[in-house]
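The values are calculated or read from the model by the stated rules, or taken from the named source; none is laboratory data. Just so it is clear, the model here is predicted, and its values are computed rather than measured. FYI the Cβ positions are ideal-geometry reconstructions off the backbone, even for glycines, and counts take in every protein chain you see. Ligands, DNA and RNA are stripped out before the accessible areas are found, and what is left, the full protein with its side chains, is counted by its heavy atoms. Shrake-Rupley method; radii C 1.70, N 1.55, O 1.52, S 1.80 Å.
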Amino acid sequence: MPAPVISARNLRKTYKEFVAVDELSFEVTAGESFGLLGPNGAGKSTTMRMLGAVSERTSGDLQILGLDPNDHGPEIRSRLGVVPQADNLDSELRVRENLLVYGRYFGIPRAVVARRADELLEFAQLADRAKARVDELSGGMKRRLTIARALVNEPRILLLDEPTTGLDPQARHVLWDRLFRLKEQGTTLVLTTHYMDEAEQLCDRLVVVDKGVILAEGSPASLIREYSSREVLELRFGSDRNADAVTALAGIGDRIETLPDRVLIFAADGESALEEVSRRGIESITSLVRRSSLEDVFLRLTGRTLVE
Amino acid sequence: MSALGSLYARNARSVVYRGALASKSSNAVVIISGFFEPIFYLLALGFGLGSLIGTVQTQGGAEVPYAAFIAPALLAVAAMNGAIFDSTWNVFFKIKYAKLYEGMLATTLGPLDVALGEITLALSRGGLYAIGFMIVMQALGLNLAWTALLALPAVLLIAFGFAAIGMAITSYLNTFQQMDWINFVLLPMFLFSATLYPITVYPEPVQWFVQALPLWHGVELVRGLTTGVLSPLMLVHVLYYVVMVVVGLVFTTRRLRVLFLS
């Protein structure tokens with residue numbers, strides 16, 4: 001196994017009384033695509049800022065590319081690409097100028113930056129918008145420009161904080177495609193998300209965090225295998241009948257979860273669970289059998305859904 | 001790596017480069033109005049009011065026409081206003097809304113690069129105003145000695161001092177309302193710092209107070225140079241601004257580090 005490019009041990013960050021990140025330990029290996037998964041306020045962004053060497057840890061050990069960010073901030077940042085949660089593109093500059101200027105911040109020679117800027121505009125599918133104002137771009141284009149900007153110093157690791165939050169489905173798919181290409185080229189990706197489908201699409205391995213602590217760790221498939229059943233039967237009874245129905249459903253499947261709007265039955269075989277429900281004469285408004293997802297894993301681990 | 005290494009990457013020029021690109025699209029009206037403002041004051045007060053006043057005695061004891069008395073003061077004020085505008089309003093916006101420095105400091109740039117770069121930009125605007133105004137002064141015969149040439153570097157130093165202090169103060173502010181305090185201080189300082197009349201009109205305690213203010217030192221320095229009445233006291237004026245520069249840079253760097261790198 002190659003040496004880890006990121007190694008965090010008992011990583012902790014507190015702001016006065018508030019514990020944002022509590023003793024996180026994880027490693028990321030080169031070329032891996034690693035996800036931090038959790039709801040808003042789980043400590044994901046704080047962790048990303050520490051990994052980006054722009055926020056000092058309160059305690060614990062952290063090594064990025066073998067260096068301690070407390071002592072080697074600029075050196076580490078020179079080899080990272082950062083895509084922050086909120087776009088911080090330079091709106092006083094044009095699209096291509098954003099890449100030129102950002103490259104100059106790293107001290108990269110003008111000629112080199114100019115060449116890379118053109119390549120990255122191609123990659124980000126923005127070549128025809130090179131002279132556009134940043135404010136004229138759509139949300140998806142802005143994100144792609146931010147990613148292109150993060151690549152201008154040819155980073156070893158790309159940090160992405162909620163890369164597709166707020167984008168429409170089509171824009172998300174375009175973005176996932178671009179990130180997947182980077183992964184194929186061997187760039188190490190570290191991303192945070194609260195979207196399960198995103199994590200399943202992009203992450204080789206992920207940790208589920210909530211309230212600053214790691215609840216589970218593994219590949220999307222192994223987490224589903226470990227913390228959920230193969231299939232899930234979703235039943236809707238209308239909010240006032242949910243509780244009564246649960247009593248009648250007892251014993252069906254491996255486990256039953258009651259949500260405000262629906263009841264989830266976890267079972268290896270969803271169809272036969274559904275047959276059992278109708279055999280008992282329980283009538284639901286709607287029923288749906290689906291494959292189990294990371295969303296179910298999170299629900300199992302925390303007792304609540306991710307996007308609330 | 002040394003402590004300075006994490007604060008300064010010797011790349012402030014990239015921040016200046018960014019500013020030069022950005023200013024292409026910036027508001028030309030603001031820049032032009034900043035240039036004409038002191039000229040309007042000079043014409044209205046220096047020549048309009050000045051025709052009633054005649055000559056005035058400078059600190060150095062020379063009798064000079066009223067316009068030649070206030071022109072160097074207006075020059076110092078123009079440098080101050082140009083530097084302050086860029087280092088306060090613009091900087092505040094970049095910290096709070098544009099998140100510009102957040103992006104910069106995620107690269108290898110350190111806070112001192114950002115501070116020096118932004119202050120250089122503020123200073124170049126102040127310098128530009130100064131050159132324009134000096135040309136007007138020359139055309140109107142208000143530069144009374146060859147030492148007026150030295151007023152140009154003096155004005156740059158004044159702009160540097162105000163830009164450094166302005167950026168330091170701005171980095172500690174949280175709301176737009178607090179920004180109004182800056183204007184609240186600047187306007188009386190312009191009016192009362194022996195700009196429009198000699199400091200000797202004040203009772204002695206008031207004189208001491210005025211002499212503690214930065215603008216007075218700027219006005220006296222520039223006035224001494226354009227009227228050609230030199231004195232060793234001018235070294236004190238220079239020193240005053242050097243201290244402003246250093247204090248401003250130290251606090252700005254420290255504050256940017258706290259805001260974006262801790």
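B:A151: out of contact with any Lys or Arg (no Cβ under 6 Å at 6 or more places or on another chain), more than 12 Å from B:I84 (Cα to Cα), among the hydrophobic types (A, V, I, L, M, F, W, C) and open to solvent by less than 10 Å² (accessible area, probe 1.4 Å), yes or no?
Spelling it out, B:A151 is indeed out of contact with any Lys or Arg (no Cβ under 6 Å at 6 or more places or on another chain), more than 12 Å from B:I84 (Cα to Cα), among the hydrophobic types (A, V, I, L, M, F, W, C) and open to solvent by less than 10 Å² (accessible area, probe 1.4 Å).
Among (1) more than 14 Å from every other protein chain (Cβ to nearest Cβ); (2) surrounded by 19 or more Cβ atoms within 10 Å (Cβ to Cβ); (3) not in a loop (DSSP other than H, G, I, E, B), there is one condition A:A42 misses while meeting the rest; what is its number?
Unmet for A:A42, out of (1) more than 14 Å from every other protein chain (Cβ to nearest Cβ); (2) surrounded by 19 or more Cβ atoms within 10 Å (Cβ to Cβ); (3) not in a loop (DSSP other than H, G, I, E, B): (3).
Filter the stretch B:92-127 for residues that are open to solvent by less than 10 Å² (accessible area, probe 1.4 Å) and part of a loop (DSSP other than H, G, I, E, B); which is nearest to A:L158 (Cα to Cα)?
B:T107
What is the number of the single condition among (1) outside the structural domain of A:G41 (by TED's automatic domain parsing); (2) open to solvent by 30 Å² or more (accessible area, probe 1.4 Å) that A:I265 does not meet?
Unmet condition: (2).
For the stretch B:94-111, name all the residues that are farther than 15 Å from A:F106 by Cα and either among the small types (G, A, S) or more than 10 Å from chain A (Cβ to nearest Cβ) (or both).
Within the stretch B:94-111, B:I95, B:K96, B:A98 qualify.
Any idea which of B:V250, B:V219, B:V185 is of a type in the set (A, V, I, L, M, F, W, C) and open to solvent by less than 30 Å² (accessible area, probe 1.4 Å)? Write out each step before concluding.
Details: B:V250 fails: open to solvent by less than 30 Å² (accessible area, probe 1.4 Å); B:V185 fails: open to solvent by less than 30 Å² (accessible area, probe 1.4 Å).
Only one candidate passes the filter, namely B:V219.
Tell me, which strands (runs of 3 or more DSSP E) lie completely within the stretch A:169-265 with 1 or more residues that are of a type in the set (S, T, N, Q)?
Working: elements: A:188-193, A:205-210, A:213-218, A:231-236, A:255-258.
Answer list for the stretch A:169-265: A:188-193, A:255-258.
Just a yes or no: is a residue in the stretch B:83-91 open to solvent by 60 Å² or more (accessible area, probe 1.4 Å), more than 10 Å from chain A (Cβ to nearest Cβ) and free of Cβ contacts under 8 Å to residues at least 12 places away in the same chain?
Among the residues of the stretch B:83-91, not one is open to solvent by 60 Å² or more (accessible area, probe 1.4 Å), more than 10 Å from chain A (Cβ to nearest Cβ) and free of Cβ contacts under 8 Å to residues at least 12 places away in the same chain, which makes the answer no.
Among the residues of the stretch A:208-225, what is the count of those that are open to solvent by 70 Å² or more (accessible area, probe 1.4 Å) and modelled with pLDDT of 90 or more?
Our first condition is that a residue be open to solvent by 70 Å² or more (accessible area, probe 1.4 Å); within the stretch A:208-225, this holds for A:211, A:217, A:225.
Now restrict to residues that are modelled with pLDDT of 90 or more: A:217.
Number of matching residues: 1.
Listed here are the residues, each with its yes/no results for (1) within 19 Å of B:L156 (Cβ to Cβ); (2) small (G, A, S); (3) in a helix (DSSP H, G or I); (4) within 18 Å of the chain's Cα centre (by Cα).
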{"position": "B:I169", "(1), (2), (3), (4)": "no, no, yes, yes"}
{"position": "B:N174", "(1), (2), (3), (4)": "no, no, no, no"}
{"position": "B:M179", "(1), (2), (3), (4)": "no, no, yes, yes"}
{"position": "B:N183", "(1), (2), (3), (4)": "no, no, yes, yes"}
{"position": "B:F209", "(1), (2), (3), (4)": "no, no, yes, no"}
{"position": "B:T226", "(1), (2), (3), (4)": "yes, no, yes, yes"}
{"position": "B:V246", "(1), (2), (3), (4)": "yes, no, yes, yes"}
{"position": "B:L249", "(1), (2), (3), (4)": "yes, no, yes, yes"}
{"position": "B:S262", "(1), (2), (3), (4)": "no, yes, no, no"}
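What do you reckon, is B:L75 buried (at least 21 other Cβ atoms within 10 Å of the Cβ) and either under 21 Å from the mean Cα position of the chain (by Cα) or of a type outside the set (S, T, N, Q) (or both)?
Yes: the conditions hold for B:L75.
Within the group B:A67, B:A76, B:A62, B:A71, which residue is within 19 Å of B:G166 (Cβ to Cβ) and more than 14 Å from chain A (Cβ to nearest Cβ)?
Exactly one of B:A67, B:A76, B:A62, B:A71 is within 19 Å of B:G166 (Cβ to Cβ) and more than 14 Å from chain A (Cβ to nearest Cβ), namely B:A76.
Conditions tested, residue by residue: (1) under 29 Å from A:R280 (Cα atoms); (2) open to solvent by 40 Å² or more (accessible area, probe 1.4 Å); (3) not assigned by TED's automatic domain parsing to the domain that holds A:I282.
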site	(1), (2), (3)
A:L206	no, no, yes
A:S239	yes, yes, no
A:N242	yes, no, no
A:L259	yes, no, no
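When you go through (1) among the aromatic types (F, W, Y); (2) within 17 Å of the chain's Cα centre (by Cα); (3) closer than 30 Å to B:V258 by Cβ one by one for B:W216, which number turns out not to apply?
(3)
A:E184 passes all but one of (1) at pLDDT 90 or above; (2) under 20 Å from A:A86 (Cβ atoms); which number fails?
For A:E184, the exception is condition (2).
Filter the stretch A:84-101 for residues that are facing chain B (nearest Cβ under 7 Å), in a helix (DSSP H, G or I) and either open to solvent by less than 20 Å² (accessible area, probe 1.4 Å) or in contact (Cβ under 8 Å) with a residue 12 or more places away in the chain (or both) and give the result.
Across the stretch A:84-101, the qualifying residue is only A:V101.
With the condition kept exactly as written, say whether any residue in the stretch A:164-172 is over 30 Å from A:I224 (Cα atoms), in contact (Cβ under 8 Å) with a residue 12 or more places away in the chain, open to solvent by less than 40 Å² (accessible area, probe 1.4 Å) and of a type in the set (A, V, I, L, M, F, W, C).
no
Give the residue that is farthest from B:G110 (Cα to Cα), with candidates limited to residues of the stretch A:51-83 that are polar (S, T, N, Q) and within 8 Å of chain B (Cβ to nearest Cβ).
Step by step, filter the stretch A:51-83, then rank; the result is A:S55.
Filter the stretch A:102-140 for residues that are open to solvent by 50 Å² or more (accessible area, probe 1.4 Å), under 27 Å from the mean Cα position of the chain (by Cα) and within 12 Å of another protein chain (Cβ to nearest Cβ) and give the result.
Answer for the stretch A:102-140, where residues must be open to solvent by 50 Å² or more (accessible area, probe 1.4 Å), under 27 Å from the mean Cα position of the chain (by Cα) and within 12 Å of another protein chain (Cβ to nearest Cβ): just A:D135.
Mind checking which residues of the stretch A:181-197 are surrounded by fewer than 14 Cβ atoms within 10 Å (Cβ to Cβ) and under 13 Å from A:I147 (Cα atoms)?
Taking the stretch A:181-197 first, the residues surrounded by fewer than 14 Cβ atoms within 10 Å (Cβ to Cβ) are A:181, A:184-186.
Correct list: A:R181 only.
Read through the list (1) buried (at least 17 other Cβ atoms within 10 Å of the Cβ); (2) more than 14 Å from chain A (Cβ to nearest Cβ), then give the number of the only condition that B:P232 fails.
Of everything listed in (1) buried (at least 17 other Cβ atoms within 10 Å of the Cβ); (2) more than 14 Å from chain A (Cβ to nearest Cβ), B:P232 misses just condition (1).
Quick check: anything in the stretch B:145-163 closer than 25 Å to B:G228 by Cα and outside any helix (DSSP H, G or I)?
Going through the stretch B:145-163, the residues closer than 25 Å to B:G228 by Cα turn out to be B:145-162.
Okay, now just the ones that are also outside any helix (DSSP H, G or I), so B:145.
Yes, that holds for at least one residue.
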